[in-house]
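K.L.:
Before I ask anything, let me first share the structure, which is written out below as structure tokens.
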Ligand SMILES: Nc1ncnc2c1ncn2[C@@H]1O[C@H](COP(=O)(O)OP(=O)(O)O)[C@@H](O)[C@H]1O
Ligand SMILES: [Mg+2]
């Protein structure tokens, strides 16, 4: 990739305030002095998306963009900057459900605060999900905990994955955006989303309202992506036109060929002491490695996300397994070497059934129940689609993108039905394993 400008904002005067935490531009580079004692600044890379959000004066700023275009990271940085640089500001960060916020943005944001040397556990109210810095604060909330919102007013509200919300949610939140501010400053709404719903309220309604600015972005705006990830996004062109449009070009498209509609999100798992269960495992490196624990209880499958993490090795997976209850593991059959390693480490790891179409057919015929805490699994199951051929015909293979937990759960469901009979039959009956690995302990 050609060289990208990492920051191109207009320079501002360099002044380190007496109470520390200077965040600003020094010779066109973003620098951070975490506290007054630090005299060598830490340089922090930002993307043009950070700068565009920072400079926008609109009441509502809508970040529409493809996968990995730095929407989330840039807004995290922007609100850390406003938290530390502005006085008496209340920042609200929200997703439709608190569970999904907690496992994504909230986690990332706390990690960034720590990385920047700003985080102080004494300033973190973990029961209210409020992080305070001097006179300003950030509150994390899901719209499913509306009662907490009753008295809360904000200067800035960020609606992450804004597709999940309704127009009404937006107007209610906008009414909350009325915390007192000083003259010349303005309270603002920020939204971020992938353009996956061309018929949704954001393109159909919000974007044509006045005082709304759209910031469009693609992976090309983000110089921090790995080549492998960029390739994955570019390769979508060979997979599916709509996916390419939405996730690579960041343009409005529609996801209309959903594979699973036979699932339901439940508040939490019921008592599983009578259930049969096993794990499904999908290996990743740039992509996340994924483990799903699948339970079969009274003829229904329950899918629980246990691991979803990028950049980990097989050794890390084995380490993770030491914290899990021991049971059968059905893993990606193309990764024979990894399966063997796990098997040798003392786990019952098997090659899962290879046939994707058969596996999906089988999963489609079951009732799939997902606890609300399995947020990545819910995200994947909602966007898991059949490929569309160039002539517009639907193909009988899924788009290979954000499908890691989908693969893992398919391996597990197939393994379980092979072993215990079909889920619609009465569970039980220890059928012999038909997919024993072809190797033994060395
Ligand atoms: N300024 C930055 N510095 C370092 N890494 C960044 C920066 N901006 C984005 N990234 C990284 O790039 C990846 C994609 O960014 P992300 O914000 O998740 O994109 P989006 O929300 O648009 O899908 C993430 O791994 C993120 O940490
Ligand atoms: Mg994001």
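The values are calculated or read from the model by the stated rules, or taken from the named source; none is laboratory data. Since the structure is predicted, the reported quantities are computational estimates derived from the model, not experimental observations. Here Cβ is always computed from backbone atoms with ideal geometry, including for glycine, and neighbour counts include all displayed protein chains.
K.L.:
Any residue at all in the stretch 323-335 that's touching a helix residue (DSSP H, G or I) at 6+ places or on another chain (Cβ under 6 Å), over 25 Å from residue 106 (Cα atoms) and modelled with pLDDT of 95 or more? First the steps, then the outcome.
P.N.:
First pass over the stretch 323-335, keeping only residues touching a helix residue (DSSP H, G or I) at 6+ places or on another chain (Cβ under 6 Å): 330-331.
Narrowing further to those that are over 25 Å from residue 106 (Cα atoms): 330-331.
From the residues that got through so far, the ones that are modelled with pLDDT of 95 or more too are 330-331.
Within the stretch 323-335 (the criterion being touching a helix residue (DSSP H, G or I) at 6+ places or on another chain (Cβ under 6 Å), over 25 Å from residue 106 (Cα atoms) and modelled with pLDDT of 95 or more), the answer is yes, since at least one residue qualifies.
K.L.:
Go through the stretch 54-69 and report how many residues are more than 22 Å from residue 229 (Cβ to Cβ) and either touching a strand residue (DSSP E or B) at 6+ places or on another chain (Cβ under 8 Å) or part of a loop (DSSP other than H, G, I, E, B) (or both).
P.N.:
From the stretch 54-69, those more than 22 Å from residue 229 (Cβ to Cβ) are 54-62; that's our starting set.
Filter once more, so that each one left must be either touching a strand residue (DSSP E or B) at 6+ places or on another chain (Cβ under 8 Å) or part of a loop (DSSP other than H, G, I, E, B) (or both): 56-62.
Number of matching residues: 7.
K.L.:
Let me ask something else. So which residues in the stretch 383-403 are surrounded by 12 or more Cβ atoms within 10 Å (Cβ to Cβ) and either at positive phi or in the same structural domain as residue 163 (by TED's automatic domain parsing) (or both), if there are any at all?
P.N.:
Within the stretch 383-403, just 402 meets the criteria.
K.L.:
Which one of 218, 232 is within 13 Å of ligand 1 (Cβ to nearest atom) and touching a strand residue (DSSP E or B) at 6+ places or on another chain (Cβ under 8 Å)? Step through it out loud before you land on a result.
P.N.:
Values: 232 fails: touching a strand residue (DSSP E or B) at 6+ places or on another chain (Cβ under 8 Å).
Answer to the check: 218.
K.L.:
Another question about this same structure. Which residues, taken from the stretch 222-244, are touching a residue at least 40 places away in the same chain (Cβ under 8 Å) and surrounded by 18 or more Cβ atoms within 10 Å (Cβ to Cβ)?
P.N.:
Answer for the stretch 222-244, where residues must be touching a residue at least 40 places away in the same chain (Cβ under 8 Å) and surrounded by 18 or more Cβ atoms within 10 Å (Cβ to Cβ): 222, 225, 232, 233, 236, 239, 240, 242, 243.
K.L.:
Give just the number: which of (1) touching a residue at least 12 places away in the same chain (Cβ under 8 Å); (2) surrounded by fewer than 21 Cβ atoms within 10 Å (Cβ to Cβ); (3) within 30 Å of residue 390 (Cα to Cα) does residue 219 not satisfy?
P.N.:
Of the numbered conditions (1) touching a residue at least 12 places away in the same chain (Cβ under 8 Å); (2) surrounded by fewer than 21 Cβ atoms within 10 Å (Cβ to Cβ); (3) within 30 Å of residue 390 (Cα to Cα), the odd one out for residue 219 is (2).
K.L.:
Mind listing just one residue for me: the one in the stretch 188-216 that is assigned to a loop (DSSP other than H, G, I, E, B), touching a residue at least 40 places away in the same chain (Cβ under 8 Å) and more than 16 Å from ligand 2 (Cβ to nearest atom) and, of those, surrounded by the most Cβ atoms within 10 Å (Cβ to Cβ)? Don't jump to the end; show me each part of the working.
P.N.:
Restricting attention to the stretch 188-216, the residues satisfying the condition of being assigned to a loop (DSSP other than H, G, I, E, B) are 194-196, 198-200, 205, 209-211.
If we keep only those that are touching a residue at least 40 places away in the same chain (Cβ under 8 Å) too, we end up with 194-196, 198-199, 209, 211.
If we keep only those that are more than 16 Å from ligand 2 (Cβ to nearest atom) too, we end up with 198-199, 209, 211.
Details: 198: 16, 199: 9, 209: 9, 211: 12.
Ranking the qualifying residues of the stretch 188-216, first place goes to 198.
K.L.:
Something else: Report, by residue number, each residue of the stretch 343-379 that is free of Cβ contacts under 8 Å to residues at least 60 places away in the same chain and in contact with a strand residue (DSSP E or B) (Cβ under 9 Å, 6 or more places away or on another chain).
P.N.:
Within the stretch 343-379, 347, 348, 356, 357 meet the criteria.
K.L.:
Moving to a separate point now. For the stretch 77-108, what are the residues that are more than 19 Å from residue 165 (Cβ to Cβ), part of a helix (DSSP H, G or I) and touching a helix residue (DSSP H, G or I) at 6+ places or on another chain (Cβ under 7 Å)? Walk me through how you get there before you give the answer.
P.N.:
Going through the stretch 77-108, the residues more than 19 Å from residue 165 (Cβ to Cβ) turn out to be 77-78, 80-90, 107-108.
Keeping just the survivors that are part of a helix (DSSP H, G or I) gives 77-78, 80-85, 107-108.
Across the stretch 77-108, the qualifying residues are 77, 78, 80, 108.
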